[in-house]
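Below is one structure, written out as structure tokens, with a few remarks after it.
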Amino acid sequence: MSPRKKEPKIVAELGRPETPEETAARKAENSRLYKSRKTINNLVYSMLVTLALVLVIYFLVPRPDGDPQWNIDYVAQSEVAAQTLNRDLLVPAMPEDWRANAAELRNANNGKVTSWYIGFITPNDQFIAFNEAFEADATWVSQTLNEYPPTGEMTIDGQVWTVYDNREMSDPGNVEYAMVTTSGDATIVLFGTADPVEFEQLATSITADLRSAQ
């Protein structure tokens, strides 16, 4: 008697044995799912390795204390700028708790106006931009102050300053408050977000030099 052939298994979902085509399709789908899961696992593993490397670099690379871009030596930079322009520049003598995040020469109006710029960070962590521009006109002042109109005047040690108080505006940007004066061919513009008292402190620091230049 010949051995009895093994009956094909009945697939519960089908209620009958699989056809050869269905068997091949099932195996192909299982293979695809396996490869897909393997790809995702490899991707997750790669991301974890990358994250680990980033953390190692972050903790091993030394970083300077404090905020270095807030410690520009603007006095030293003023000497370089003065040599470049071949003229004396105003250099505010501020306390040590006044820091600078920039000190440089800037050009505007297609190079027609050159200005000596210092970006001050005040003791209250507010910002005041100091600009000493040469042969600047009213257009340059207006553009620098976002075309805001003046709101008054004040006199500090005999030097008259035009005041721009924009603090009541909904969004004055970095020009919440500003002060402008002139001395010879120089126009001095102070603007920023600091309290008016700090503006007056900065203006006072250069008043003697302004009056001697007139």
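A few notes on this one:
- Qualifying position, being out of contact with any Ser or Thr (no Cβ under 6 Å at 6 or more places or on another chain), within 30 Å of T84 (Cα to Cα), part of a loop (DSSP other than H, G, I, E, B) and not small (G, A, S), among V141, V175: V175
- Just so you know, in the range 178-214 the residues that are part of a loop (DSSP other than H, G, I, E, B) and modelled with pLDDT under 95 include one that is farthest from the chain's Cα centre (by Cα), and it is Q214.
- Top-ranked residue of the range 117-128 - restricted to ones that are part of a strand (DSSP E or B) and not aliphatic (A, V, I, L, M), ranked as surrounded by the most Cβ atoms within 10 Å (Cβ to Cβ): F120
- Residue in the range 157-173 that is among the aromatic types (F, W, Y) and within 24 Å of the chain's Cα centre (by Cα) present: no
- Among residues of the range 87-116, those that are more than 14 Å from I206 (Cβ to Cβ) and assigned to a strand (DSSP E or B), counted: 13
- Looking across the range 88-114, not a single residue is in contact with a Lys or Arg (Cβ under 8 Å, 6 or more places away or on another chain) and at pLDDT 95 or above.
- Restricting N107, N131 to residues that are in contact with a strand residue (DSSP E or B) (Cβ under 7 Å, 6 or more places away or on another chain), surrounded by fewer than 13 Cβ atoms within 10 Å (Cβ to Cβ) and assigned by TED's automatic domain parsing to the domain that holds A81 narrows the list to N107.
The values are calculated or read from the model by the stated rules, or taken from the named source; none is laboratory data. Predicted model, so just to flag it, every value in this text is computed and none were measured. Neighbour counts run over all protein chains shown; Cβ positions are idealised from the backbone, glycine included.
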